[in-house]
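K.L.:
Can you keep this structure in mind? I'll have questions shortly.
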Amino acid sequence: MKFVISGAFQPPQHLVKLAIAAEEAGYEALTFSDHVVYPETLDTPYPYTEDGVRRYDETSQFPDPWVVVGALSAVTTRLRFTTNAFVLPLRNPFVVAKQLATAAALSNDRITLTIGVGWSQVEFELAGQEFKRRGKRADEMLELMRKLWSGDWVEFDGEFYQCRKLKMTPPVPTRPIPVWVGGISDMALRRAARNDGWLSDLQTSDEIIECIGKIREYRRALGKPPECPVLASASDAHDLDGYRRIEEGGVTHVLTMPWAFYHGLTDDIEKKVDGIKRYAEDVVQKMA
């Protein structure tokens, strides 16, 4: 089992120290959450709480994940980077393909794209993107982006995107960029099965294992190996026994904020670094 640190809501000025500490302590990756703006009033409910209220507020920080990856890849050599989750259909696929190819080049292919299809209609309107059918657009975007990453001449005639023959160079990733999918709806699980991995929400161990079972069924139906990477946040797994249970259920990566176990959700960067080191000794090394 591998351990991934959530960089969600962290001040940008803390991220370099967090990345260096994570790499030195043996963590697999660092993730970054994604929103463009914080609307004061929502026009669509937040889908991951019963009352539709967001888990974060207007003070929560969302630095651009690919700008962050470019900076942190310069101060690390092994640590991977991903998103939890990048709202893909909020963007233009040609621009995103270029951003990720550049991030892959700067990091020596240490990135994974973990996507969601979004839920905030007002953000889509501000970005000039259609909110309806965003899942279908995301699927087409991934198809187009993979072609662009090939380095070959690309012609595309999709339902939403078209282009005459063109190349996207430089840079071209030297290895395929893995695409994981976040979400707990049936459509999200099916999309994860079609791609390379799955990101859970903050769920119980049983809920996560149930979702993994569905993804494996969908992958078998597609003629794919049933197992795939799973990055999970289990609300009831906080010790070695809990982690071993979800590992047996198919979880390959645990998403965590290590300092919270020792110092709470502190704003002190030194306490965060201390928590990263202590959690590595107490959990990461023993699970490895």
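Taken together, the values in this text are just the output of simple stated rules run on the coordinates, not laboratory data. Worth saying up front: this structure is predicted, and the values here are computed from it rather than measured. Cβ: placed from backbone, ideal geometry, glycine included. Neighbour counts: every protein chain shown.
K.L.:
Quick one: among 226, 39, 93, which has the greatest mean-square fluctuation in a GNM of the chain with alpha-carbon springs under 10 angstrom?
P.N.:
39
K.L.:
Let me ask something additional. Specify whether the C-alpha gyration tensor of the range 212-288 places it in the rounded, prolate or oblate class, a ≥ b ≥ c being the square roots of the eigenvalues: rounded for a/c under 1.5, otherwise prolate if a/b is larger than b/c and oblate if not.
P.N.:
prolate
K.L.:
Rounded to the nearest 500, what is the chain's calculated 222 nm mean residue ellipticity when only DSSP H runs of at least 4 contribute -39500 (n - 2.57) each, over all residues?
P.N.:
Details: 10 runs with 107 residues, N = 288.
Theoretical 222 nm ellipticity from helices: -11000 deg cm²/dmol.
K.L.:
Determine by what factor the alpha-carbon radius of gyration of the range 153-224 differs from 2.2 N^0.38 Å, reporting the quotient.
P.N.:
Relative to the rule-of-thumb radius for its length, the range 153-224 sits at 1.47.
K.L.:
Here's another thing I want to ask about it. Through the Karplus equation 6.51 cos²θ - 1.76 cosθ + 1.60, θ set to phi - 60°, convert the phi angles of the range 115-131 into ³J(HN,Hα) values in whole Hz; use x for Gly and Pro.
P.N.:
10, x, 9, x, 9, 9, 4, 5, 5, 4, 5, 5, 7, x, 10, 6, 7
K.L.:
Further question: Using θ = phi - 60° and the Karplus relation 6.51 cos²θ - 1.76 cosθ + 1.60, list the HN-Hα couplings for the range 244-258 in order, rounded to whole Hz, with x at every Gly or Pro.
P.N.:
Values, residue by residue: 5, 5, 6, 5, 4, x, x, 6, 9, 9, 9, 9, 8, 10, x Hz.
K.L.:
Let me ask something additional. Quick one: Cα centre-to-centre distance for the range 216-288 and the range 9-30, in angstrom?
P.N.:
16
K.L.:
Using only C-alpha positions, report the orientation-averaged shadow area of the convex hull of the range 75-179, nm², one decimal.
P.N.:
6.9
K.L.:
OK, next. If I take every Cα pair under 8 Å that is 6 or more residues apart in the chain, average their sequence separation and divide by the length, what percent do I get for the relative contact order?
P.N.:
Working: 486 pairs, mean separation 55.4, N = 288.
Across the chain, relative contact order equals 19 percent.
K.L.:
Which of 132/167; 132/214; 2/272 have a Cα-Cα distance over 24 Å?
P.N.:
Pairs exceeding 24 Å: 132/167; 132/214.
K.L.:
Please say if the range 1-79 is rounded, prolate or oblate, where rounded means a/c under 1.5 for a ≥ b ≥ c the square roots of the C-alpha gyration tensor eigenvalues, and otherwise the choice is prolate for a/b larger than b/c and oblate otherwise?
P.N.:
prolate
K.L.:
Whole percent per 10 Å bin, from 0 to the bin with the longest distance: what is P(r) over all C-alpha pairs of the chain?
P.N.:
6, 27, 37, 24, 5, 0
K.L.:
Once you order the gyration tensor axes a ≥ b ≥ c over the Cα atoms, which shape class does the range 126-278 get: rounded for a/c under 1.5, otherwise prolate or oblate by comparing a/b with b/c?
P.N.:
On the way: a/c = 2.22, a/b = 1.60, b/c = 1.38.
Prolate.
K.L.:
Can you find, among 30, 52, 266, the residue sitting farthest towards the positive end of the charge dipole of the chain, where Lys and Arg contribute +1 and Asp and Glu -1 at Cβ?
P.N.:
30
K.L.:
Hey, another quick one. Among 235-241, 253-259, 95-101, what's the highest-first ranking by average C-beta atoms within 10 angstrom per residue? Don't skip to the answer; put the middle values down first.
P.N.:
On the way: 235-241: 12.7, 253-259: 23.4, 95-101: 19.4.
Result, highest mean first: 253-259, 95-101, 235-241.
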